[in-house]
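Worksheet: one structure, shown below.
Every read-out reported here was derived from the displayed coordinates using simple, explicitly stated rules and does not represent laboratory data. Model, not experiment: these values are computed from the prediction. Here the Cβ positions follow ideal geometry from the backbone for every residue, glycine too, while neighbour counts run over all protein chains shown.
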Amino acid sequence: MKAIQVYEVLRKPLITEKGAGLQAQGKYSFKVADGANKAQVKQAVEKAFGVTVTAVNVIMVKGKTRRAGRRMMTTSPWKKAIVTLKAGDKIQLFEGV
């Protein structure tokens, strides 16, 4: 298996209503690379944002069936990570959204 670089792990932040509720608990969600594991996600968040990560939960999100005319298609599955930060730490990217 090919090693993933730290900045290739985090694809994009997920800014949703549910995610906004988790921010009050110090949890932030990201779309991450399919081959990334918990340790790589933790290292990437700590290096990118300068915070201390206490826990990482990883979820595989299944693709949904969509319809395009007569064809039924499936969207690609993707990996989501919910990162819990140490009390008092915040990621400025998410604040004020």
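Odds and ends about this structure:
- Residue in region 46-53 that is more than 16 Å from P13 (Cβ to Cβ) and touching a Leu at 6+ places or on another chain (Cβ under 9 Å) present: yes
- Residues of region 47-63 that are more than 14 Å from A81 (Cβ to Cβ) and out of contact with any strand residue (DSSP E or B) (no Cβ under 7 Å at 6 or more places or on another chain): K47, G50, K62.
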